[in-house]
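Peer 1: Handing you this structure, nothing more for now.
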Amino acid sequence: MLRRRSIPALVLASATLVLAGCAGTVNVPAAPQANAPECADVMVRLPQTVAGAERRWTDSQATAAWGDPATIIFSCGVASPGPTTLRCESVAGVDWVIDESEAPRFRVVTFGRTPAVELYFDTESSEDVQGVSSREVLDELSRVVSRLPRDGGECVERSEATPVPSPVEP
């Protein structure tokens, strides 16, 4: 009797793995602090869809990807960025440092959270790829990322930033 019940469960589990593998696993390197318990707390709360893109399997701890091909890549456990001249924006209580150097592909990293989260996302649509809205990505993921502990840092307006003095020549 026990054997009859376990066979449908095995068939269902096998079918789920086969279907999940259709899009392929996304290779995302693990961050240095990927094993932090705070990352595990965030990972179990990540949504199935972000900005209309479906979640996919990744091959490393504390990583996630959405879209086929992947248009959003998430890594928890990266080093927190230090002071920077890059734009910093607060979204739903989470401060993000935004690297626009490769726009329409963006790299954003949480500021003032430990461990930090890094996102890569592509906002450009083409024949093969549906781009995502940066606002939607940050709105949806900030709600989950806000669970990470603050370490005191926060975004400031560039006009409010204290200039770093130039070194004095002897």
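Peer 1: So is A20 assigned to a loop (DSSP other than H, G, I, E, B), of a type in the set (G, A, S), modelled with pLDDT under 95 and touching a strand residue (DSSP E or B) at 6+ places or on another chain (Cβ under 9 Å) or not?
Peer 2: Details: assigned to a loop (DSSP other than H, G, I, E, B): no; of a type in the set (G, A, S): yes; modelled with pLDDT under 95: yes; touching a strand residue (DSSP E or B) at 6+ places or on another chain (Cβ under 9 Å): yes.
Taking the combined requirement at face value, the residue does not satisfy it.
Peer 1: Quick test for you: out of Q61, Q33, pick the one residue that is within 27 Å of V156 (Cβ to Cβ) and at pLDDT 95 or above. Steps first, please.
Peer 2: Numbers: Q61 fails: within 27 Å of V156 (Cβ to Cβ).
Of the residues listed, the single one that is within 27 Å of V156 (Cβ to Cβ) and at pLDDT 95 or above is Q33.
Peer 1: Follow-up question, since we're still on this one. Residues of segment 31-52 being surrounded by fewer than 21 Cβ atoms within 10 Å (Cβ to Cβ) and either among the β-branched types (V, I, T) or under 18 Å from E136 (Cβ atoms) (or both), which ones? Break it down into steps so the answer makes sense when it comes.
Peer 2: Applying the first criterion (surrounded by fewer than 21 Cβ atoms within 10 Å (Cβ to Cβ)) to segment 31-52 yields 32-38, 40-41, 43-49, 52.
Those that are surrounded by fewer than 21 Cβ atoms within 10 Å (Cβ to Cβ) and either among the β-branched types (V, I, T) or under 18 Å from E136 (Cβ atoms) (or both): V44, R45, L46, P47, Q48, T49, G52.
Peer 1: Can we say A51 is in contact with a helix residue (DSSP H, G or I) (Cβ under 6 Å, 6 or more places away or on another chain) and modelled with pLDDT under 95?
Peer 2: Details: in contact with a helix residue (DSSP H, G or I) (Cβ under 6 Å, 6 or more places away or on another chain): yes; modelled with pLDDT under 95: yes.
Here the answer is yes, as A51 does meet what is asked.
Peer 1: Can I ask one more? Could you tell me which residue of segment 112-126 is nearest to the chain's Cα centre (by Cα), considering only residues that are surrounded by fewer than 21 Cβ atoms within 10 Å (Cβ to Cβ) and under 14 Å from G67 (Cα atoms)?
Peer 2: Applying the filter and picking the extreme gives Y120.
The values are calculated or read from the model by the stated rules, or taken from the named source; none is laboratory data. Quick caveat, the model's predicted, so the values are computed rather than measured. A quick note on method: Cβ atoms are made from the backbone with ideal geometry, for glycine too, and the neighbour counts reach across all protein chains shown.
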